[in-house]
Amino acid sequence: MIRAKSSGCGLWLIAVCGLFPETALPQAQDAGPQPVFRVSVDRIQIGAVVRDAHGHQVKDLDIADFTVYDGNQRQELTNCEYVELRTPASAGNSSGKVDPSAPPAPAGRQLSSDQVRRTVVFLIDDISFHATSIPAVRKALKEAIESGIQPGDMAAIIRTSSGNGSLEQFTSDKNILLESAGKVRWRPESRANPGLLPQVSGTVVGENTGQYLVLDSTNRTRAVLQYVIEALAGIAGRKAILLISESLLTGTTYFYPGGVTDVGRLVDKALRAGVIVYALDPTPLSSLTPDAGYDLTREYVAQNGGSGATMPDAREAGKLLTGYTSRAFMLLEIFRAGLRALAEGTGGRMAADTDPGNALIGFTEDVQGYYLLTYRPRSPERYFAAKDADPPFRTLRIRVSRSGLRVRSYAGYVATPDRPDLAGGPKDVISRALFSPFSASGLRVEVASLFTMPHPALPEIHVFLRLDAHDLSFISGAAGRHDADFDVVVRTSGEQSDSVEVTSKTVALRLTDRDFAEALQNGVRYRFSVPAKRPGLYEVRVAVRDTGSGQVGSAREFVEVPDLRKDKLAASGLLVYNERPRLGDLDAPGIVEVRRFRREDRLTYACQIFNGKSLGGQLRVVRDGVEVMTSQVEPVANGDGTQTMRGSLTLASFAPGGYSLQIVVAGVGGKAATVSSWSDFEILP
């Protein structure tokens with residue numbers, strides 16, 4: 001039984017019992033009749049796109065026109081068929097404009113499996129963007145959705161920064177996609193941070209050029225890419241990922257002697273899932289020459305390791321200036337190399353230094369069909385049965401006999417057979433719900449997660465969850481109560497295998513008339529904590545299932561847990577909430593779980609500081625990389641060795657839109673440590 005406590009701003013759930021039942025969760029999309037892709041010892045199926053000299057797809061080839069080489073060995077094809085993805089009706093609709101006055105379709109709108117022709121994911125690597133790229137990305141997404149997404153398409157927008165809320169789901173409704181596109185914002189933790197906000201985590205390279213490449217951030221992008229590809233494997237047919245990113249450090253080769261590279265593994269997963277990746281670098285076209293903001297002294301000091309002379313002489317300054325363009329071009333190519341290797345390795349294309357909107361529309365037009373080629377590998381025991389060494393990467397080459405044609409396909413695969421198909425039992429269905437990057441939309445779920453450490457306990461991740469009570473199946477209970485049950489599964493996973501925690505509960509709501517009315521007004525809020533055994537980046541995934549209806553909602557977030565060993569200065573997550581509860585405003589309650597406010601609100605913030613002495617703090621409010629406010633914050637001792645940075649600000653002078661709030665804490669002294677904690681929030685009109 002659960003105890004419910006009225007807090008003045010939503011119903012708090014503070015005690016639960018029971019285990020998550022083994023009941024099936026509905027999938028986002030039924031498996032359609034389209035072909036699947038396989039890698040096994042007796043059958044390999046791959047997709048290929050063939051175009052003529054004018055860029056038009058060629059659809060009339062047969063099995064005799066293709067020659068496939070696996071490694072350097074020619075293979076005998078057993079099947080060749082062209083699979084049409086765009087119906088004539090969708091191909092003829094080129095405008096695809098959305099009527100802004102039209103009422104939105106229900107959030108759960110889905111096409112049946114026989115209606116879906118194309119599956120497209122816009123993967124927005126927002127933790128790679130410069131602030132100046134955000135307007136172009138939003139505009140490009142809008143153009144691609146309005147003109148590129150056609151009837152019969154299922155599409156989703158996924159951000160690498162988070163997957164919070166019902167907007168990151170598969171849908172055929174352009175209004176939902178456009179709303180999600182409008183949520184793309186600059187992130188303070190971006191590896192393209194221009195130096196406005198201190199970067200205090202990860203390994204930073206290239207700082208002398210003003211370009212920040214946080215390697216931990218690249219790992220995070222690669223992890224989300226893998227999640228999306230693996231999730232798409234459960235959907236039949238050919239799928240496309242339109243990756244918008246400004247950098248991906250995965251290298252340019254798919255294998256090395258005795259092993260497979262990161263980009264090679266991604267290509268292998270894409271082949272098995274039937275996924276083609278298109279990459280777009282939205283970085284504005286540049287002359288690659290220094291501008292007025294170029295800090296020659298800073299670059300000189302950085303290149304010399306911060307030692308020696310702090311000012312370059314005329315000769316050294318000349319070298320730096322004359323070599324600027326070549327260095328900038330080299331770095332630009334390094335940033336893009338992984339994007340190009342991934343796109344070309346899956347049979348897709350990469351676009352850069354061009355109009356982003358036209359590029360995305362061109363990508364969607366490219367996904368109109370493909371050849372499904374099947375062959376039985378010769379002597380598979382030679383490379384599928386490797387036991388003492390890593391499985392080799394098998395390169396693939398496809399040629400066509402007709403002159404003037406070009407073929408795009410996969411660079412190869414890792415010589416391990418597919419795992420057996422799962423039986424689809426309850427545990428497997430629950431696992432898919434937890435691991436999928438796509439939000440289930442049956443329940444409106446909003447989540448916020450942050451690191452904290454109740455003294456003297458071990459570090460932990462605190463999870464704040466809110467459900468829209470209108471989505472729960474309430475029935476009349478005893479003594480006039482309103483009863484509803486829902487199941488919660490939370491999985492937190494760190495960078496180490498022993499950092500995984502799974503929490504599962506069944507929550508029973510037994511509400512009086514007063515509590516029921518409050519729940520409908522403000523939502524149902526549920527909080528809990530899980531231990532964080534090691535420092536590093538954690539992903540928090542939440543799945544909620546209403547017992548009565550079987551509807552499911554899900555969300556995910558990333559949390560960074562600092563290293564508190566060796567008395568290092570560290571900060572907890574940043575709490576952001578309204579000073580006074582806003583009753584009855586589901587859109588902008590201004591609570592920790594839902595950081596949306598009105599302009600008449602007063603925003604309160606607080607974070608905990610560990611291992612700090614003689615500290616000074618600064619509050620920064622940033623919108624799309626532009627600092628709009630700054631003020632000083634004084635720490636307050638807590639009596640347990642920690643300190644708290646706390647304050648509030650009125651929002652009346654802020655324009656509606658998305659913002660980032662950051663607390664920067666530094667010790668007093670020239671080489672004192674600096675840490676920061678930040679949170680996003682939104683102001684509604």
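The values are calculated or read from the model by the stated rules, or taken from the named source; none is laboratory data. All figures in this text were calculated on a predicted structure; none of them were measured in a lab. Cβ: placed from backbone, ideal geometry, glycine included. Neighbour counts: every protein chain shown. With ligands, DNA and RNA removed, areas are computed over all heavy atoms of the protein, side chains included. Shrake-Rupley method; radii C 1.70, N 1.55, O 1.52, S 1.80 Å.
For this structure, a couple of remarks:
- Listed by first and then second residue, the pairs linking a residue in the stretch 404-426 that is at pLDDT below 75 to a residue that is open to solvent by 50 Å² or more (accessible area, probe 1.4 Å), with Cβ atoms under 7 Å apart and 6 or more places separating them unless they lie on different chains, are 426/22; 426/24.
- Entry remark, the stretch 142-184: residues being part of a loop (DSSP other than H, G, I, E, B), modelled with pLDDT of 85 or more, within 23 Å of residue 449 (Cβ to Cβ) and not hydroxyl-bearing (Ser, Thr, Tyr) number 1 in total.
- Residue ID - surrounded by the most Cβ atoms within 10 Å (Cβ to Cβ), chosen from residues in the stretch 501-515 that are over 26 Å from the mean Cα position of the chain (by Cα) and hydroxyl-bearing (Ser, Thr, Tyr): 506
- Scanning the stretch 464-480 for residues that are touching a residue at least 24 places away in the same chain (Cβ under 8 Å) and surrounded by fewer than 17 Cβ atoms within 10 Å (Cβ to Cβ) turns up 470, 473, 475, 477, 480.
- Some residue of the stretch 535-546 being open to solvent by 60 Å² or more (accessible area, probe 1.4 Å) and out of contact with any Cys (no Cβ under 6 Å at 6 or more places or on another chain): no
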